[in-house]
Amino acid sequence: MQNIEIIPAIDIIGAQCVRLTKGDYDTKIIYDSNPLNIAKTFEKAGIKQLHLVDLEGARSKHICNASILKAISSNTNLKLDFGGGIKSKEDIELAFESGADQITLGSLAVSDSKLFDKCLEEYGPERIILGADVKNGLIATSGWEKESGYKLFDFLSDFLKKGVRRVICTDISKDGMLQGPAIELYQSILKEFPEIELIASGGVSCIEDVRALNQTDCKGVIIGKAIYENRIKVEDLVNEFIR
């Protein structure tokens, strides 16, 4: 079994690194005022890829922190997945021009499926990740502030038929809670859609959670608060899963 991909997250509000709990913006905790320094620290430790989220953009109508993406892409060799605020063709182009290797599209997949299809055709499934943020079994959009009414499995089925392969699935009820990931949810997804390259996100609290996910067929795991709260050392993740 190949080791699971380790993907630290940097969430941005006001050009600062923050974390939320269950996507609630009122729970914002600022961890660092310089996301570039954090990215460099991750890279120095041996991390290869990064999940960068523009939380301001996610709840607005456009990308708000492209400058942070550009700074990290210009000053590190990290593989960057960028999401949040990508609501138009212009946003898609801006994200890639600013250095994103891949972009995650969630809200746009619901609100403008035709644009999603065009983006997938133009850039290919290796550069387009489907964001499946789920709450009560339904896809949530707009920074998790709205429920779409779109059932998770229907959503995945529809977009896999379009050619999507890589999916980030976040159980919003788990995000930021440090109470363990939604392993049963991920197992059910992989049983139904074994062809998915599934990235688990939300709830990771300790390295044992990462080991448990590594025993599933999940392709990768996104880790945020557990790193910032010093519950998991990046060096331990690198030594066990990357080197």
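The values are calculated or read from the model by the stated rules, or taken from the named source; none is laboratory data. Computed from a predicted structure; not experimentally measured. As a convention, Cβ positions derive from the backbone with ideal geometry for all residues, glycine included, and neighbour counts pool all protein chains shown.
Considering only the range 223-237, I want to know if a residue exists there that is part of a strand (DSSP E or B), of a type outside the set (Phe, Trp, Tyr), touching a strand residue (DSSP E or B) at 6+ places or on another chain (Cβ under 9 Å) and closer than 24 Å to Ile128 by Cα.
The initial filter retains those residues of the range 223-237 that are part of a strand (DSSP E or B), namely 223.
Those left that are additionally of a type outside the set (Phe, Trp, Tyr): 223.
If we keep only those that are touching a strand residue (DSSP E or B) at 6+ places or on another chain (Cβ under 9 Å) as well, we get 223.
Next, from what is left, pick out any that are closer than 24 Å to Ile128 by Cα: 223.
Checking the range 223-237: at least one residue is part of a strand (DSSP E or B), of a type outside the set (Phe, Trp, Tyr), touching a strand residue (DSSP E or B) at 6+ places or on another chain (Cβ under 9 Å) and closer than 24 Å to Ile128 by Cα.
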Task: Residue ID - modelled with the highest pLDDT, chosen from residues in the range 164-200 that are surrounded by fewer than 21 Cβ atoms within 10 Å (Cβ to Cβ) and of a type in the set (Ser, Thr, Tyr) - done: Ser188
Open item on the list: I'd like the full set of residues that are of a type in the set (A, V, I, L, M, F, W, C) and closer than 17 Å to His51 by Cβ, limited to the range 1-35.
Closed with: Ile4, Ile6, Ile7, Ala9, Ile10, Ile12, Ile13, Cys17, Val18, Leu20
TODO: Could you run through the range 15-56 and say how many residues are over 15 Å from Gly202 (Cβ atoms), touching an Asp or Glu at 6+ places or on another chain (Cβ under 7 Å) and not in a strand (DSSP E or B)?
DONE: 2
Task: Residue that is surrounded by the fewest Cβ atoms within 10 Å (Cβ to Cβ) [pool: residues in the range 216-243 that are closer than 15 Å to Gln2 by Cβ and within 18 Å of the chain's Cα centre (by Cα)] - done: Asp217
Task: In the range 163-209, residue nearest to the chain's Cα centre (by Cα) [restricted to those that are of a type in the set (Gly, Ala, Ser) and not in a loop (DSSP other than H, G, I, E, B)] - done: Ser201
Open item on the list: What's the total number of residues in the range 74-113 that are among the acidic types (Asp, Glu) and within 18 Å of the chain's Cα centre (by Cα)?
Closed with: 3
